[in-house]
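Reviewing the structure listed below.
The values are calculated or read from the model by the stated rules, or taken from the named source; none is laboratory data. All figures in this text were calculated on a predicted structure; none of them were measured in a lab. Heads up, the Cβs are rebuilt from the backbone with ideal geometry, glycines too, and the neighbour counts pull from every protein chain shown.
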Amino acid sequence: MAQENTSRTSALVISAVMAALSLCAAAIIAFYPPPSTFAKLIPADNPWVRDGRFSAPICNGVQCKLCPFECFLPEGARGRCKVRINYGGRIKTLIYSKPVSVHLDPIEKKPVYHLYPGSLIYSLASPGCNLRCKGCQNWEISQIYPEEAAKTALVPERLDIKVDGSTGQVYGDLKQKEVSILPPGDIVSGALAVRARSIAYTYSEPAVFYEYMYDTARLARAQGLKNVMVSAGYINREPLEELLPYMDVVKIDLKGFDDKFYRKYVGGRLEPVKNTLLTLKKNGKLFEIVNLVVPGLNDGEDSMAAMVSWIKKELGTDVPLFFSRFFPNYQLSNIGVTPVETLTRARDKAMKQGLKFVYVGNAAGHPGESTYCPVCGRVLMKRYGYAVLENQLTATGGRCPHDGTRIPGIW
Ligand code: SF4
């Protein structure tokens with residue numbers, strides 16, 4: 001009986017303490033409301049603000065569930081990506097239809113090699129990124145607040161094919177226009193007007209302009225265009241799986257294969273990127289991987305061999321893998337250009353380990369730019385820089401004309 005009374009008293013004391021703590025918390029929130037500075041700065045009629053997806057209310061705020069950072073955002077606070085905000089208790093994206101960089105590129109520039117070689121791809125970015133790569137090649141647009149971006153962007157409007165009267169040379173004459181808002185419908189009609197066969201969500205990190213990319217990709221698919229997401233792969237599985245039915249190719253920038261490198265030089269972790277690659281594989285998506293080789297930082301032979309053997313075991317030998325040359329930039333401007341020999345060695349070893357399509361990027365004229373038949377070894381797609389010099393795959397629907405081997409891709 002005495003023991004029962006003691007337990008009851010303890011339970012009452014705990015309940016009283018909990019009630020007192022709750023009252024204290026409520027009083028603190030009432031007297032010191034969470035900051036709303038940014039919310040006040042963003043006018044309700046801002047043309048680029050839209051409801052954001054993938055969030056849940058939590059404590060006195062919301063948690064964004066779009067990427068593995070899962071930022072907790074009190075009212076008015078912005079996420080690590082700088083482009084998502086808790087506004088009135090709901091997640092908002094600040095960059096819907098806000099273009100920061102829009103170009104008509106050869107698809108080889110992405111680089112994407114197994115989708116319509118030699119075609120043009122309408123490529124766009126909005127500001128922002130969830131990662132902090134010290135060697136970012138596009139930091140002027142990825143590491144800024146949307147308010148810091150230029151108010152307008154030049155976008156491709158029309159492409160006329162002309163012939164030079166004196167030389168007889170055929171060339172494209174691209175007309176551009178300046179816009180401050182570029183809705184999904186205008187992207188799709190623009191891409192068709194400039195003879196692009198696909199649209200790339202690229203340059204910055206498309207995961208953080210998810211809603212804009214998703215709506216555009218759906219419209220583009222309905223108009224017969226292909227969609228390509230060029231990403232660091234730092235996105236949660238649920239949003240990724242919702243997007244994949246509209247994506248034709250996903251290009252993942254696998255920045256290294258060492259978690260310490262990811263934490264120190266990328267500002268993230270390796271595991272979520274591996275999970276993204278596994279999700280792509282599980283969903284049967286076409287994807288390619290690029291690894292930017294930074295001298296002295298991620299070019300260790302053991303780590304590169306571990307990366308290749310993981311790709312082989314978990315993703316298969318058909319996945320195209322690029323070893324790309326690094327050029328000094330941003331906070332790694334003190335590091336030199338990757339020697340071409342490093343890339344050649346990495347490619348040779350990856351092929352010896354069993355990968356069938358290993359390329360060298362950012363090194364025009366390297367034999368590793370071309371696609372070879374993994375069975376007979378003949379050149380099937382000869383490239384020089386962004387140009388395709390010889391194409392034996394489009395006419396055959398992706399089969400080696402010599403032995404019929406099927407090459408994965410959309411040709
Ligand atoms: S998308 Fe942005 S706000 Fe959302 S979790 Fe990632 S970094 Fe945070």
Being closer than 15 Å to residue 399 by Cβ and part of a strand (DSSP E or B) is the filter; apply it to region 352-385 and report the residue that is nearest to the chain's Cα centre (by Cα). 371
Can you give me the number of residues within region 219-233 that are more than 13 Å from residue 124 (Cβ to Cβ) and either part of a strand (DSSP E or B) or out of contact with any Lys or Arg (no Cβ under 8 Å at 6 or more places or on another chain) (or both)? 8
Residues that are closer than 22 Å to residue 276 by Cα and among the aliphatic types (A, V, I, L, M), drawn from region 57-82: 66
Single residue of 96, 113, 122 found to be within 16 Å of the ligand (Cβ to nearest atom) and touching a residue at least 60 places away in the same chain (Cβ under 8 Å): 96
Quick one: how many residues across region 126-171 are among the polar types (S, T, N, Q) and closer than 30 Å to residue 70 by Cβ? 6
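Have a look at 184, 146 and point out the one that is at pLDDT below 95 and surrounded by 14 or more Cβ atoms within 10 Å (Cβ to Cβ).
146
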Determine which single condition residue 207 fails, assuming it passes every other condition in (1) more than 16 Å from the ligand (Cβ to nearest atom); (2) among the small types (Gly, Ala, Ser); (3) assigned by TED's automatic domain parsing to the domain that holds residue 231; (4) assigned to a helix (DSSP H, G or I). (1)
Can we say residue 62 is part of a strand (DSSP E or B) and modelled with pLDDT of 95 or more? yes
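Which residue, of 388, 308, is touching a strand residue (DSSP E or B) at 6+ places or on another chain (Cβ under 7 Å) and not in a loop (DSSP other than H, G, I, E, B)? Walk me through it before giving the result.
Working: 308 fails: touching a strand residue (DSSP E or B) at 6+ places or on another chain (Cβ under 7 Å).
Within the list 388, 308, the selection yields 388.
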Look through region 170-189, keep the residues that are touching a residue at least 24 places away in the same chain (Cβ under 8 Å) and over 22 Å from the mean Cα position of the chain (by Cα), and return whichever of them is nearest to residue 105 (Cα to Cα). 174
(1) buried (at least 20 other Cβ atoms within 10 Å of the Cβ); (2) in contact with a strand residue (DSSP E or B) (Cβ under 9 Å, 6 or more places away or on another chain); (3) of a type in the set (S, T, N, Q): which one isn't true of residue 130, the others all being true? (2)
Exclusive hit being without any contact (Cβ under 8 Å) to a residue 60 or more places away in the chain and in contact with a strand residue (DSSP E or B) (Cβ under 6 Å, 6 or more places away or on another chain), set 167, 152: 152
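Among what's in region 65-93 and is in a loop (DSSP other than H, G, I, E, B) and among the charged types (D, E, K, R), pick the residue that is farthest from the ligand (Cβ to nearest atom).
Here is the first cut: in region 65-93, the ones in a loop (DSSP other than H, G, I, E, B) are 65-71, 75-77, 79-83, 88-89.
Imposing the further condition that a residue be among the charged types (D, E, K, R) reduces the set to 65, 70, 75, 80, 82.
Values: 65: 7, 70: 5, 75: 14, 80: 4, 82: 8 Å.
Per the stated criteria, the residue is 75.
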